[in-house]
Amino acid sequence: SQQGEEDPQALSIQEGENATMNCSYKTSINNLQWYRQNSGRGLVHLILIRSNEREKHSGRLRVTLDTSKKSSSLLITASRAADTASYFCATVRNTGTASKLTFGTGTRLQVTL
Amino acid sequence: DVKVTQSSRYLVKRTGEKVFLECVQDMDHENMFWYRQDPGLGLRLIYFSYDVKMKEKGDIPEGYSVSREKKERFSLILESASTNQTSMYLCASSFAQPQHFGDGTRLSIL
């Protein structure tokens, strides 16, 4: 089963608006990451938030983490057409050999002009 | 910048064939991963390797094997391809976090 579940599954907004995507997970985590995937391409890492952090910023991205609710949100401010992509949250579990990611099913974001 | 290269972007094979997907990274990362991505299911981990000749099963290893003879190269092998293995396959590498992904191989099994 998927550790992370994104909400909504799809989001359509106009350029300049803010986009908010949510992620819920089931078990305790070391950290949570957000990745972006353009159509037909691989995933690109956006931001990592550790379990003892509540909020983190990177450019137009803001990520929050609520470990009591087992949820995270990704906010993209002042969206651009180039932000059109799928966004995935991934939770990290350390197994002793390597840190493995468990991905959610993603949010498809469409930003129109 | 880290570069993870997957040998083919698109591949078409027939059922029963032995299929090799190749992945090469240029950053001397210890860890390498193979995922498959299917609509509605997200990315699921097939196998990963934390060192040369070392491997561990992921969440869906059935029907697959892997090989890591050199640090920079991680191969995914479909021993006898079946139609339910039609999917997008993504390779990734990492030192710790985050993971760096290739552009994927879209594999069709006919």
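The values are calculated or read from the model by the stated rules, or taken from the named source; none is laboratory data. Note that this is a predicted model, so its numbers are computed, not measured. Quick reminder, even Gly has a Cβ in these numbers, built from the backbone with ideal geometry, and neighbours come from all protein chains shown. Calculation scope for accessible area: heavy atoms of the full protein, side chains included, ligands and nucleic acids excluded. Shrake-Rupley method; radii C 1.70, N 1.55, O 1.52, S 1.80 Å.
With A:S79, A:S86, A:S68 as the choices, which residue is away from chain B (no Cβ under 14 Å) and open to solvent by less than 40 Å² (accessible area, probe 1.4 Å)?
Values: A:S86 fails: away from chain B (no Cβ under 14 Å); A:S68 fails: open to solvent by less than 40 Å² (accessible area, probe 1.4 Å).
Going through A:S79, A:S86, A:S68 in turn, the sole match is A:S79.
Provide a single number: the residues in the stretch B:71-110 that are facing another protein chain (nearest Cβ under 8 Å), in a loop (DSSP other than H, G, I, E, B) and modelled with pLDDT of 95 or more.
3
Might you check whether a residue that is more than 21 Å from B:M88 (Cβ to Cβ) and at pLDDT below 95 occurs anywhere in the stretch A:76-88? Break it down into steps so the answer makes sense when it comes.
Residues of the stretch A:76-88 more than 21 Å from B:M88 (Cβ to Cβ): A:76-83.
Within this subset, residues satisfying the condition of being at pLDDT below 95 are none.
Checking the stretch A:76-88: not a single residue is more than 21 Å from B:M88 (Cβ to Cβ) and at pLDDT below 95.
Test of understanding: among A:A81, A:A10, A:A19, which residue is in contact with a Ser or Thr (Cβ under 8 Å, 6 or more places away or on another chain), under 22 Å from B:Q37 (Cα atoms) and small (G, A, S)?
Values: A:A81 fails: under 22 Å from B:Q37 (Cα atoms); A:A19 fails: under 22 Å from B:Q37 (Cα atoms).
Exactly one of A:A81, A:A10, A:A19 is in contact with a Ser or Thr (Cβ under 8 Å, 6 or more places away or on another chain), under 22 Å from B:Q37 (Cα atoms) and small (G, A, S), namely A:A10.
Select from the stretch A:30-59 the residues that are within 12 Å of another protein chain (Cβ to nearest Cβ) and part of a loop (DSSP other than H, G, I, E, B) and write down the one among them that is modelled with the highest pLDDT. Can you show your working first?
So in the stretch A:30-59, the residues within 12 Å of another protein chain (Cβ to nearest Cβ) come out as A:30-50.
This time we only want the ones that are part of a loop (DSSP other than H, G, I, E, B), so: A:30, A:38-42.
Numbers: A:N30: 87, A:N38: 96, A:S39: 93, A:G40: 88, A:R41: 92, A:G42: 93.
Among those residues, the one meeting the criterion is A:N38.
Considering only the stretch A:61-113, state which residues are assigned to a loop (DSSP other than H, G, I, E, B), small (G, A, S), more than 28 Å from B:I46 (Cβ to Cβ) and in contact (Cβ under 8 Å) with a residue 60 or more places away in the chain.
Selection gives A:A78, A:S79.
Consider the stretch A:56-82. How many of its residues are of a type in the set (D, E, K, R) and within 13 Å of the chain's Cα centre (by Cα)?
So the first thing to find is which residues in the stretch A:56-82 are of a type in the set (D, E, K, R), and the list is A:56, A:60, A:62, A:66, A:69-70, A:80.
Then drop every residue that is not within 13 Å of the chain's Cα centre (by Cα), which leaves A:56, A:62.
The qualifying residues number 2.
Name the residues in the stretch A:2-29 that are touching a Gly at 6+ places or on another chain (Cβ under 9 Å), polar (S, T, N, Q) and outside any loop (DSSP other than H, G, I, E, B), would you?
A:S24
If we keep just the residues of the stretch A:89-113 that are more than 10 Å from chain B (Cβ to nearest Cβ) and open to solvent by 10 Å² or more (accessible area, probe 1.4 Å), which is farthest from A:E17 (Cα to Cα)?
A:R93
Could you please find all residues in the stretch A:1-29 being more than 11 Å from every other protein chain (Cβ to nearest Cβ) and open to solvent by less than 30 Å² (accessible area, probe 1.4 Å)? It would help to see each step written out before you state the result.
Step one: list which residues in the stretch A:1-29 are more than 11 Å from every other protein chain (Cβ to nearest Cβ), which gives A:7-8, A:10-29.
Those that are more than 11 Å from every other protein chain (Cβ to nearest Cβ) and open to solvent by less than 30 Å² (accessible area, probe 1.4 Å): A:I13, A:A19, A:M21, A:C23, A:Y25, A:I29.
Looking only at residues in the stretch B:1-60 that are assigned to a strand (DSSP E or B), more than 21 Å from B:E79 (Cα to Cα) and β-branched (V, I, T), which one is most open to solvent (accessible area, probe 1.4 Å)?
B:T5
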